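Enquirer: Quick one: the structure is below, and I'll ask about it shortly.
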Amino acid sequence: MKKLLLTSVLLFASLFAAEQPAETAAKPNIAREMPAAELYKLISEDADDLSILDIREPDQIGHGEIFHLNAVQITRGYLEFKVEKAFPDKKARIVVYCCTGKRGALAAKTLQEMGYTNVYSLQGGIRGWVEAGYPLDTVYGEVILKDTIKK
């Protein structure tokens, strides 16, 4: 009886696994991440094909931002509604960031699901950027905050 039950369970499990669509395995579970050093290099080289998307809330943006001429600010809540107007080219290289990288990764994944093919999430968000020692653009000018971060 136990053998029959075990065989039935294994048979059911194999049938269920076979019915899963093949495209599920091909889709990435998370968005690609870009380290702060790589983004800084691209910004320093004035990469024309680079765009930066800040998805933080307005009260968070006041603390400083990553400066780039092709920087756009769209809060995460409005991303799906506004991104196609901001970035009509679905092949554009877009680096998304938030405070810690979590919402940025979700937003980058959403962009991929919307058909954007060259999207990255900034690893660690703006916090990772600051911890790596890169500057923020603030109302007071460019500021480096590396040593002020508490771990």
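Read the figures in this text as sums done on the coordinates, not as results from a lab. These numbers come from a predicted model, not from an experiment. Neighbour counts run over all protein chains shown; Cβ positions are idealised from the backbone, glycine included.
Enquirer: So for each of 39-48, 92-101 I average, over its residues, the number of other beta carbons within 10 Å; can you give me the resulting order with the highest mean first?
Expert: Result, highest mean Cβ count within 10 Å first: 92-101, 39-48.
Enquirer: Applying a 10 Å radius around every beta-carbon, put 78-90, 115-127 in order of their mean neighbour count, most first.
Expert: Ranked by mean Cβ neighbours within 10 Å, highest first: 115-127, 78-90.
Enquirer: Counting DSSP beta bridges with both partners in region 29-148, what percentage is antiparallel, nearest 5?
Expert: Here the antiparallel bridges make up roughly 20 percent for region 29-148.
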